[in-house]
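Reviewing the structure listed below.
The values are calculated or read from the model by the stated rules, or taken from the named source; none is laboratory data. Predicted model only: the values in this text are computed from it and were never measured. Backbone-built Cβ (ideal geometry, glycine too); neighbour counts: all protein chains shown. Accessible surface is based on the protein model in full, side chains and every heavy atom, while ligands, DNA and RNA are left aside. Shrake-Rupley method; radii C 1.70, N 1.55, O 1.52, S 1.80 Å.
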Amino acid sequence: MSQQLFCAASIVIFGGTGDLASRKLLPALCRLHDAGLLTHDFHVFVTGRADMSTEAFLEHLMQREAVLFKKDTRFASGFNELKSRIRYLRANPSLANEPEDFKQRLLAAEPLAAPARLFYLAVPPSSMQSFISLIRPFSEANTDMHCPERILVEKPFGQNLASARELNQQLLESFKENQILRIDHYLGKEAVQNILFMRFANTFFEPVWNNHFIDNIQISFSENIGIGGRAEYFDQTGILRDVVQNHLLQVLSMVAMEPPLSHKPGDLHLEKNKVLKAIRKYRPEDIQAETIRAQYVAGEVDKKPVVGYLSEDGVRADSKTETYSACRVFVDNWRWGGVPFYLQAGKRLERNITEIVVSFKPLPYSIFKDFNGKIEANRLHIRIQPHEGIILKVNSKPPGMELQVSDVGMRFSYDNEFGDYRPDAYERLLLDALNGDSALFLSNSEIEESWKFIDPIIDAWHGGGQPMFTYKAGSQGPEEAGALLAKNGHYWHQPVI
Ligand code: BG6
């Protein structure tokens, strides 16, 4: 089976009544349809545990996404055309005979005899295995006459290394590796894809992209939103597993990877995997010094008072789940030996922003000692969102008779260069999945290597002894996060836009 020959005629979404499906997946499919990128008779099957008519489902979707529908014209116009080909089906793994029953109902609803299907498992890790039982009967029908299904698995892939391995094993019992797509939606973001173009479509970054010139790299993910209606999921997960294990380690692997042989899936996976494998795994005794965890307490966001994490609906009053984490990471290889990568992620912080800051080494010697102003080390700010762009901070002489030095920014802004069109990450990734292109999806070994880094941290945190710091909602995070960098003479860089 070749990657390129797959072209899905339909998608079947498990977890179709959930937040992800209504906020991201269905709008993305509608926009793809609006752009003429789906096959002309493409069908969408949305599933949920309850019995419900398609009409009731669509009405519910419209009510829930009314605001988005109103302001997103591509979603609205795509929806109006696609809605006659959206169908709701019950899929409840706790009912006896549901696997065979669901299969018959789906076959009866499909207009084609042997369509190429994409199954999307948009369900929490705890119920992933039971939903796999619903798609297993389809694998038994695979013959030479039938184009085998693709299975797209939403993150997080497992809750730790052991459960990720078990999940992978389960999938491989019924499906082949090239049928499985493991998603991390950060890889579908324009500015994340652009890391590869910035590094490998230009010559001048490569000679300085190593431990001779780079002092440290910071990757910061900050959200001002809290946990919304996702308390049950988040309280079992925490920000380290929710965001760092996947999004931030993937971004790190793209920043740190060696030049791949091509943009093809195998070559990209190979190089990212090498980085993840080279990440130093902490010994239990190092974890307290190398990591920080914290929870938000009541504060103000956008000038409105908000409650602390422990008072959020659905959160256990004695919860030890972190809403902020920071850690120092080393990639132990020839290129990066000795360069700290600082990762931080948090909910209910001051701003919504994801940014990479590459800090270059300070000057070896300054001839401008008598000048006013401080010579800052050069920095490259790669803004992932919002206001995507790249800013290189360089030192310059401001015009005038007085000899001064100040750092200025050389800017590339997506808005100025390309306007405001930015496809949503799920649009990119759904289109790739429907066409069988796995370059922007994760290999199983990348996921396993990431868990090998995360698991010892979680174990040590749960083992006790690690302080749980606090920070005010709407602030820049716990004060203690600064100490993690200060011991190396570093500090968190503020975004420059
Ligand atoms: C998801 C996490 O994977 O990413 C969420 O589960 C987080 O907690 C979200 O809010 C952030 O994605 P984005 O695209 O809004 O940056």
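Considering only segment 172-218, state which residues are under 13 Å from the mean Cα position of the chain (by Cα) and either more than 16 Å from the ligand (Cβ to nearest atom) or open to solvent by less than 20 Å² (accessible area, probe 1.4 Å) (or both). If the condition is that a residue be under 13 Å from the mean Cα position of the chain (by Cα) and either more than 16 Å from the ligand (Cβ to nearest atom) or open to solvent by less than 20 Å² (accessible area, probe 1.4 Å) (or both), then R182, I183, D184, Y186, L187, G188, A191, V192 are the ones that fit. Summed over segment 393-414, residues that are in a loop (DSSP other than H, G, I, E, B) and either touching a strand residue (DSSP E or B) at 6+ places or on another chain (Cβ under 8 Å) or aromatic (F, W, Y) (or both) total 5. Out of E285, E271, E300, one residue alone is of a type outside the set (G, A, S), within 14 Å of R335 (Cβ to Cβ) and open to solvent by 10 Å² or more (accessible area, probe 1.4 Å). It is E271. I'm trying to understand the selection: among the residues of segment 103-122, which are outside any helix (DSSP H, G or I) and open to solvent by less than 10 Å² (accessible area, probe 1.4 Å)? Within segment 103-122, P115, R117, L118, F119, Y120, L121 meet the criteria.
Sub-6 Å Cβ pairs linking a first residue in segment 234-248 that is within 15 Å of S163 (Cβ to Cβ) and within 11 Å of the ligand (Cβ to nearest atom) to a second residue that is open to solvent by less than 10 Å² (accessible area, probe 1.4 Å) and modelled with pLDDT under 95, at least 6 apart or interchain, are R241/P156, ordered by first then second residue. Taking E417 as the residue in question, decide whether it is within 24 Å of L249 (Cα to Cα), assigned to a helix (DSSP H, G or I) and acidic (D, E). No: the conditions fail for E417. Residues that are within 12 Å of the ligand (Cβ to nearest atom) and either open to solvent by less than 40 Å² (accessible area, probe 1.4 Å) or at negative phi (or both) occur at least once in segment 251-263. Residues that are among the acidic types (D, E), modelled with pLDDT of 95 or more and either within 12 Å of the ligand (Cβ to nearest atom) or under 26 Å from P125 (Cβ atoms) (or both) are absent from segment 268-287. Are any of the residues in segment 162-169 of a type outside the set (A, V, I, L, M, F, W, C), touching a residue at least 60 places away in the same chain (Cβ under 8 Å), within 16 Å of the ligand (Cβ to nearest atom) and crowded, with 17+ Cβ neighbours inside 10 Å? Looking through segment 162-169, none of the residues is of a type outside the set (A, V, I, L, M, F, W, C), touching a residue at least 60 places away in the same chain (Cβ under 8 Å), within 16 Å of the ligand (Cβ to nearest atom) and crowded, with 17+ Cβ neighbours inside 10 Å. Could you please let me know if L261 is hydrophobic (A, V, I, L, M, F, W, C), modelled with pLDDT of 95 or more and part of a helix (DSSP H, G or I)? The answer is no for L261. Whenever a residue of segment 305-317 is closer than 16 Å to G238 by Cα, its partners that are of a type outside the set (A, V, I, L, M, F, W, C) and open to solvent by 70 Å² or more (accessible area, probe 1.4 Å), lying with C-beta atoms within less than 6 angstrom and at least six residues away or across chains, give the pairs G314/E232. Against the list (1) out of contact with any strand residue (DSSP E or B) (no Cβ under 7 Å at 6 or more places or on another chain); (2) buried (at least 19 other Cβ atoms within 10 Å of the Cβ), the condition I390 fails is (1). Of everything in segment 352-387 that is outside any strand (DSSP E or B) and among the hydroxyl-bearing types (S, T, Y), the residue that is surrounded by the fewest Cβ atoms within 10 Å (Cβ to Cβ) is Y365. Within segment 309-321, is there a residue that is surrounded by 15 or more Cβ atoms within 10 Å (Cβ to Cβ), within 16 Å of the ligand (Cβ to nearest atom) and not hydroxyl-bearing (S, T, Y)? Yes, segment 309-321 contains at least one residue that is surrounded by 15 or more Cβ atoms within 10 Å (Cβ to Cβ), within 16 Å of the ligand (Cβ to nearest atom) and not hydroxyl-bearing (S, T, Y). Note on segment 470-491: residues that are crowded, with 17+ Cβ neighbours inside 10 Å and either without any contact (Cβ under 8 Å) to a residue 40 or more places away in the chain or aromatic (F, W, Y) (or both) total 1.
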